[in-house]
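The values are calculated or read from the model by the stated rules, or taken from the named source; none is laboratory data. Predicted model only: the values in this text are computed from it and were never measured. Ideal geometry is used to build each Cβ from the backbone, glycine not excepted, and the neighbour counts take in all protein chains shown. Heads up: the accessible areas ignore ligands, DNA and RNA and are worked out on the full protein's heavy atoms, side chains in. Shrake-Rupley method; radii C 1.70, N 1.55, O 1.52, S 1.80 Å.
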Amino acid sequence: MKGRVIKSTGSWYVVQTDGGIVSARLKGKFKQDELKLTNPIAVGDLVELEKEPGQETAVILEILPRENYVIRKSTRKQHFSHIIASNLDQAILVITMKKPRTSLGFIDRFLVSTESFRIPAMLVVNKMDQLEGEDEVEWLRVIHEIYEPLGYPVLEVSALTDMGLKEKFLPFIQGKSSLISGHSGVGKSTLLNALVPEARQDTKEISFYSAKGVHTTTFAELFPLPEGGDLIDTPGIKEFGILDVEENELSHYFPEMRKYLGQCKYNNCTHVNEPGCVVRKKLEEGYIHPYRYQSYLNILHEEDSHR
Ligand SMILES: Nc1nc2c(ncn2[C@@H]2O[C@H](COP(=O)(O)OP(=O)(O)OP(=O)(O)O)[C@@H](O)[C@H]2O)c(=O)[nH]1
Ligand SMILES: [Mg+2]
Ligand SMILES: [Zn+2]
């Protein structure tokens, strides 16, 4: 029989099949292609499985080819990667303006990653009920100004008061398989609970997290939306480790730079200080946002130091 992995807790996988939910395990070692993975099977994977004789449990025999996936560098194991989820229609980054404020750098790293996997992305600004002060209003304005022209929708919601959820957010997620990502404490699980009441995901006040990096949600889990489609809640991430991107490839993942590809004087231009660089020219003319260009440089130099 076939099924979709809805939760993975390390050695056991919870799989949704036509006949209901079953617990399944892997038999023996799984061959993975080029990728060195900390998790051979990810939430969202479609698998072929078989009931164990005389038991309620099943064995996973095969992973069907993944349409796509979001992957990040493993924080625990060097040179290893971790698949966050697979077979997605879109990736949603939940951001907040305080406690914690999501940095533009973090947003851009996330978007570079989803661009590289060709997964559409959107930003959801949560905790709008807490918006106060000119500084926060200005931050929000900048977020809209930067990301909307690039094709990333920016929605304002409050998972706590339900603001924006049914009328604005739902049309974006209905009938789709969406990954929910973001820092710990931004309200991913609260958002999920508001949309899928049966989910009953644990949520916790920020003060409980402290600096130790304790996350309330510890495993990715997929929940069907009553209106169709599904949402994948994930543990919070501190930094998004982008997989190796070549120097002159990085700009492919910035839609506003991608437009000018092939127009620079040198075809291996990194858009830093090469003569005849069209990207720099467009930056000076105001067609590329200086914050985005700064993120580009930051990622470029960070990746540099890993080489
Ligand atoms: N004021 C306000 N608080 C919110 C909102 N959404 C979530 N919170 C609170 O923020 C805290 C963290 O929420 P969670 O849903 O646990 O955050 P999370 O992103 O799932 O965190 P991890 O599972 O650790 O990644 C909780 O105290 C929530 O009640 C909101 O829209 N407004
Ligand atoms: Mg959570
Ligand atoms: Zn250039």
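Mind listing the phi-derived Karplus ³J(HN,Hα) values for the range 244-252, rounded to whole Hz, using 6.51, -1.76 and 1.60 with θ = phi - 60°, and x for any glycine or proline?
Calculated HN-Hα couplings, in order: 3, 10, 5, 3, 8, 9, 4, 5, 5 Hz.
Quick one: putting +1 on the C-beta of Lys and Arg, -1 on the C-beta of Asp and Glu, what dipole do you get for the chain around its Cα centre, in Debye to the nearest 20? The partial results should precede the final answer.
Working: 37 positive and 43 negative charges, 149 e Å.
My answer is approximately 720 debye.
Give the lysines whose C-alpha is closer than 26 Å to that of Lys99, dropping any in the same chain fewer than 8 places away, or say none.
Cα-Cα hits under 26 Å: Lys73, Lys127, Lys166, Lys168, Lys188, Lys204, Lys212, Lys238.
Rounded to a whole number, what % of the accessible area of the chain do carbon and sulfur atoms account for, probe 1.4 Å? All intermediate terms of the calculation are to be shown ahead of the outcome.
Details: 7780 of 15490 Å².
Roughly 50 percent, rounded to a whole number.
Classify the range 69-233 as rounded, prolate or oblate, taking a ≥ b ≥ c as the square roots of the eigenvalues of its Cα gyration tensor: rounded when a/c is under 1.5, otherwise prolate if a/b is larger than b/c and oblate if not.
Values: a/c = 1.16, a/b = 1.11, b/c = 1.04.
Rounded shape, in that the Cα axes give a/c under 1.5.
Taking amide H atoms as placed 1.01 Å from N in the peptide plane, list the residues 5 or more away in sequence, or in a different chain, whose amide H sits under 5 Å from that of Asn68.
The answer is Asn87, Leu88.
What residues have an amide H closer than 5 Å to that of Ala121, excluding those fewer than 5 places away on the same chain, when H is modeled at 1.01 Å from N in the peptide plane?
It is Ala91, by chain and number.
Identify all lysines with a Cα-Cα distance to Lys282 below 28 Å; exclude those on the same chain that are fewer than 8 residues away in sequence.
The reachable lysines, counting only those whose Cα sits under 28 Å from Lys282, are Lys259, Lys265.
Taking the Cα centre of the range 104-256 as origin, sum charge times position over the Cβ atoms of Lys and Arg (+1) and Asp and Glu (-1), and report the length of that vector in debye to the nearest 20. Walk me through the numbers before you get to the answer.
Working: 12 positive and 26 negative charges, 116 e Å.
In total the dipole reaches around 560 debye.
Among all the aspartates and glutamates, which ones have a C-alpha under 19 Å from Lys27's C-alpha, if same-chain residues fewer than 8 places away are not counted?
The reachable aspartates and glutamates, counting only those whose Cα sits under 19 Å from Lys27, are Asp45, Glu48, Glu50, Glu52, Glu56, Glu62.
If you filter the range 1-85 for trypsin sites (Lys or Arg not before Pro), then keep DSSP loop positions with at most 15 other Cβ within 10 Å, what is left? Kindly include the intermediate steps, with their values, before the conclusion.
Numbers: sites: Lys2, Arg4, Lys7, Arg25, Lys27, Lys29, Lys31, Lys36, Lys51, Arg66, Arg72, Lys73, Arg76, Lys77; in loops: Lys27, Lys29, Lys31, Lys36, Arg66, Arg76, Lys77.
Sparse-neighbourhood loop trypsin sites (Lys or Arg not before Pro): Lys27, Lys29, Lys31, Lys36, Arg66, Arg76, Lys77.
Leaving out ligands and nucleic acids, and using a 1.4 Å probe, what accessible area per residue does the range 100-158 come to in Å²?
Values: 2330 Å² over 59 residues.
Here the per-residue accessible area is 39 Å².
Compute the acute angle (0 to 90°) between the alpha-carbon long axis of helix 290-306 and the principal axis of greatest extent of the alpha-carbon atoms of the chain; round to the nearest 10°.
Computed tilt is about 60 degrees.
List the relative contact order of the range 159-279 as a percent without decimals, with contacts defined as Cα pairs under 8 Å and 6+ residues apart. Display every interim value, and only then the final one.
Details: 153 pairs, mean separation 27.8, N = 121.
Over the range 159-279, the number comes to 23 percent.
Considering only DSSP beta bridges where both residues belong to the chain, give the percentage that are antiparallel (nearest 5). Don't jump to the answer; show the numbers that get you there.
Working: 29 of 49 bridges.
So the antiparallel bridges in the chain amount to around 60 percent.
For the chain, what is the relative contact order in percent, using Cα pairs closer than 8 Å and at least 6 residues apart in sequence?
Reported as a whole number, the value is 15 percent.
Based on the Cβ-Cβ distance of Glu246 and Gln174, what FRET efficiency does E = 1/(1 + (r/R0)^6) give at R0 = 25 Å, to the nearest 0.05?
Numbers: r = 37 Å, r/R0 = 1.49.
Efficiency for this residue pair is about 0.10.
Under a point-charge model restricted to the Cβ atoms of Lys and Arg (+1) and Asp and Glu (-1), what is the dipole moment magnitude of the range 2-63 relative to its Cα centre, in debye to the nearest 20?
Around 180 debye, computed over the range 2-63.
Can you tell me the relative contact order of the range 2-63? Whole percent, Cα pairs under 8 Å, sequence separation 6 or more. Can you show the working numbers first?
Values: 114 pairs, mean separation 21.9, N = 62.
It rounds to 35 percent for the range 2-63.
Applying a 10 Å radius around every beta-carbon, put 230-239, 191-200 in order of their mean neighbour count, most first. Each step should come with its number before you reach the end.
Numbers: 230-239: 19.6, 191-200: 17.0.
The peptides rank, most packed first, as 230-239, 191-200.
Given the C-alpha centroids of the range 116-151 and the range 173-206, what is the distance between them in whole angstrom?
18
Could you give the semi-axes, largest first, of the ellipsoid that matches the chain, computed as the square roots of 5 times the alpha carbon gyration tensor eigenvalues and rounded to whole Å? Walk me through the numbers before you get to the answer.
On the way: eigenvalues 237, 128, 56 Å².
Its equivalent ellipsoid spans semi-axes of 34, 25, 17 Å.
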